[in-house]
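Worksheet: the structure to be examined is printed underneath.
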Ligand code: SF4
């Protein structure tokens, strides 16, 4: 739909003076403007696409949009060249050569869909779990997960397992929310912002806008920004204080801060008593099946000891004065201690004293003490008051919101370690002790969060042939009973998610699917169905090995060990070459998409929001939107929920129809805005005009939270009622933040030998006992412990602001910013190794080696080297010429990262992942450097046979828009 240009955007020029030449600065460069949502990274900014004669002229940020408020980054504006990419796939492909060779014939859609339908129908009729359906960075998991559930396979997940599930799981189980999509700093009011290890493209524009706000504060209202990161680039480069921490030790740093706060009695006791499980009683009965569990009444409600009455009462009862410190004797005679008592005694231990911790983390003890003092000073001496009356969950009226203006944010830097889950939990405990959760100036939830911590449906196992799952494949285990393991304790999922190896694998372990399917551990599969995940290159550990597994055949049968691979992508990525059937997707500017509150929405702290993408231009190729194809396949397979009783399609118009008509629960659909007659939000009947209303509104909708409902939402009755009315939560019950995680303790109890579901072997049991601690712990990352001998340096990757994974390096504008990636080494480390700028080195790990050019810098922890991720390319992939710099001097650190840990005594190898969530431990890597001889300079290794180029030969000089300019002159 064409949207008229707003006259208000024009700026009146002053009248010309006599004899002055008049220059019109506002010659329209377009004849049409359409709004949609950017997809050059995962931030979901609102954009306006300007078109002339139906072609994209330029892209600008949408000033009305809640995510970016008009800000557009380099990637976003370069979307025009991703649309023009010569790597776009043009037609369905069927493999004719050997896997990996990239030899295909083009086929018609009907044939492609018939091949897929035939294969999938046989799997569903026999053993649905033999379909492994995994998607990458797509933003339609509410659809894809639902599709997998209707198909009946539990083997579904998206990319979170190799991205940041540690952060998500820790947040959801502790706070009922998490960083990034589920929460944000109160940028406007915060006075102290502590950031841990954030990739520069995560939450990109919102963080840049927020940091801009902090850095431009007036001198009478300053804010301090402290960045904890081994590397000082991007956000860290503008921090007021950079703490170049040793990788993998953030958790120890945080627990030392907690030690200092406790030692100086600087915690928000009132907040802890009102809103957390601090006063709950933990049963202290060693060698019994309830040791470490919460003391509860018959109804299962947690109890505490009321100091007013000396009785054990419902901990949720208002008006009580709970006992907090010191041993308690329960009515049945068993001893107990409060959560707070356990927490204090643990973290006051000398093991967390700054002087003990400092040498391990590379930050001086006096700095740890000073940061703790600064946090306490801002939280408790610089409080904020917003004089808005509100009502708490017990019906008590409060005259204002009190803010403790310390905010925090963390992402992959802490998440991508094998101790990442517990580190993220430690950060949340720090936030809770400071009382800076969802308060003015603190970290605040984004709706639909908060939710009851750790709550939600449990993961669903397979039912049987031709049967859907009873729920969704992914969910929230509460203990051993919810694991997806068989009677012998063996995993039921191909990636071993929700097994004893990764009990809280909320996002699956996509990085293990190819290895496990190849090995037949725990079983073989028939078809690997991937969408938008470059698993044959930068999204896999052990890239060369992964390519071999995809190509490997059973010598007895001559068949591929992974029998069939279906892949959908818009571009000719490295993974395309390994597919048997390629379903070409559209670009983000050619299709409908739904950024739903059921998924990862565009909310901000003051409003719940969702958005759409609309087709801006028609594809000029024979491609189809993957979501449409998925629904088409569902219809052909006659999956429940996708066909009516007579077998006809329920959503013949594909995703557009699904967005409009599908209801997840009565009244709750994919989009929350303009429901029913167009005036209802959150809940309401499907509205056939809903998408038109979204388009007229800039392709987004937001439900603004009333002012009395904007803070303390876990216990704010005004919010709880508002959110319930809109279907964001099921009921207005208060939520209790979890310092102590009882689900974790249930796993530990099983590992100690209690209950009817126990780990299959002592190795698994020992891991659970050690790492599933209900209070945060720190332990050295596995990689460090395993390879300490001879590999002295840590090696990390970062993603630059101007690229998003492998998508950026097909974009001719972005390639001009970066087409190769050196290895960055600290000057002093380089001097010790006789390295200088331009030298080449072998980067060697226990797993393998890769060759790269060296670049020296100061802004990095001396014991750490790093590079940009996903710049290096396989020759010929993405339709780049084989001699492209990305293939010659760009390299992947993935080559030296193993997907497996070294073997245990019986030969079994655990995944290189967090032992609780299964998050890929990319950043545990330890390496050594060896200088190359001069003859070895100039070309990265390992190098692989070129993928045949596919598509138009890339132009050496791109002059996009020249004809448009010419047309304007005519
Ligand atoms: S931050 Fe991401 S979503 Fe936003 S404009 Fe940039 S690329 Fe697009």
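None of the figures in this text is laboratory data; all of them are computed from the coordinates on show. Predicted model only: the values in this text are computed from it and were never measured. So basically every Cβ, Gly included, is an ideal-geometry build from the backbone, and we count neighbours across all protein chains shown.
Each 10 Å bin from zero holds the following percent of Cα-Cα pairs in segment 260-354: 16, 47, 29, 8, 0.
Give the calculated FRET efficiency between residue 330 and residue 760 to the nearest 0.05, with a Förster radius of 41 Å applied to their Cβ-Cβ distance. Before the final figure, lay out each step's value.
Working: r = 34 Å, r/R0 = 0.82.
E(calc), rounded to 0.05, equals 0.75.
When the alpha carbon coordinates of the chain are projected onto the principal axes, the ranges are 87, 83, 73 Å, largest first.
Under 8 Å for C-alpha pairs, at least 6 residues apart: give me the relative contact order for segment 415-513, rounded to a whole percent. Don't skip to the end; give the middle numbers.
Working: 108 pairs, mean separation 14.4, N = 99.
15 percent.
Counted residue by residue at 0.36 nm each, then reduced by the alpha carbon distance between them, the extension gain from residue 383 to residue 58 reaches 112.5 nm. For the pair residue 858 and residue 638, the difference between a 0.36 nm per residue extended length and the Cα-Cα distance amounts to 73.2 nm. When the alpha carbon gyration tensor of segment 409-559 is reduced to an equivalent ellipsoid, its three semi-axes come out at 35, 21, 14 angstrom, largest first.
Across segment 834-970, the mean sequence separation of Cα contacts (distance under 8 Å, 6 or more residues apart), normalised by length, yields a relative contact order of 33 percent. The residue 23 and residue 397 beta-carbon pair, evaluated with R₀ = 60 Å, returns a calculated FRET efficiency of approximately 0.45.
Once Rh is set to the Kirkwood radius over Cα pairs, what Stokes-Einstein translational diffusion coefficient, in µm²/s, holds for segment 785-850 at a temperature of 10 °C and a viscosity of 1.306 mPa s? All intermediate terms of the calculation are to be shown ahead of the outcome.
On the way: Rh = 14.5 Å.
For these conditions, the coefficient is 110 µm²/s.
Distance between the 7 Å Cα→Cβ label points at residue 356 and residue 455: 3.8 nm. Take the Kirkwood radius over Cα pairs of segment 706-787, plug it into Stokes-Einstein at 4 °C and 1.567 mPa s, and you get 81 µm²/s for translational diffusion.
Within segment 491-533, find all residues whose amide N lies under 17 Å from a label point positioned 7 Å from the Cα of residue 122 along Cα-to-beta-carbon. Counting only backbone N, you get 524-529.
Take every DSSP beta bridge whose two residues both sit in the chain, then give the antiparallel share in percent to the nearest 5.
Working: 69 of 110 bridges.
About 65 percent, rounded to the nearest 5.
Based on the Cα atoms of segment 432-514, what semi-axes does the equivalent ellipsoid have, where each is the square root of 5 times one gyration tensor eigenvalue, given in whole Å with the largest first? Mind dumping the intermediate values first?
On the way: eigenvalues 201, 42, 30 Å².
After diagonalising the Cα gyration tensor, the semi-axes are 32, 15, 12 Å.
Between the beta carbons of residue 557 and residue 663, assuming R0 = 41 Å, the FRET efficiency works out to 0.35 to the nearest 0.05.
The peptide list 175-188, 614-627, put in order of mean Cβ contacts within 10 Å with the highest first, becomes 175-188, 614-627. Scattering from segment 576-700 was approximated by placing one identical point on each alpha carbon and applying the Debye formula without solvent; log10 I(q)/I(0) at 0.09, 0.13, 0.15, 0.16 1/Å stands at -0.29, -0.59, -0.77, -0.86.
Would you mind ranking 209, 368 so that the residue whose beta carbon has the fewest other beta carbons within 10 Å leads the list?
Working: 209 15, 368 24.
If I rank by nearby Cβ atoms, fewest first, I get 209, 368.
The alpha carbon centroids of segment 142-163 and segment 922-945 are separated by 36 Å.
List the relative contact order of segment 569-672 as a percent without decimals, with contacts defined as Cα pairs under 8 Å and 6+ residues apart. Intermediate values should be presented prior to the final figure.
On the way: 138 pairs, mean separation 24.9, N = 104.
Once divided by the residue count of segment 569-672, the mean separation gives 24 percent.
The simple spin-label model puts a point 7 Å past each Cα toward its Cβ; for residue 524 and residue 828 those points are separated by 5.6 nm. Listing 274, 44 from fewest to most neighbouring C-beta atoms within 10 Å gives 274, 44. Per the Kirkwood formula applied to alpha carbons, segment 548-597 shows a radius of gyration over Rh ratio, Rg over Rh, of 1.18. Cβ crowding within 10 Å ranks 398, 847, 65 as 398, 847, 65, fewest other Cβ atoms first. Remark: spin-label model distance residue 15-residue 789 equals 8.8 nm, labels positioned 7 Å along the Cα→Cβ axis.
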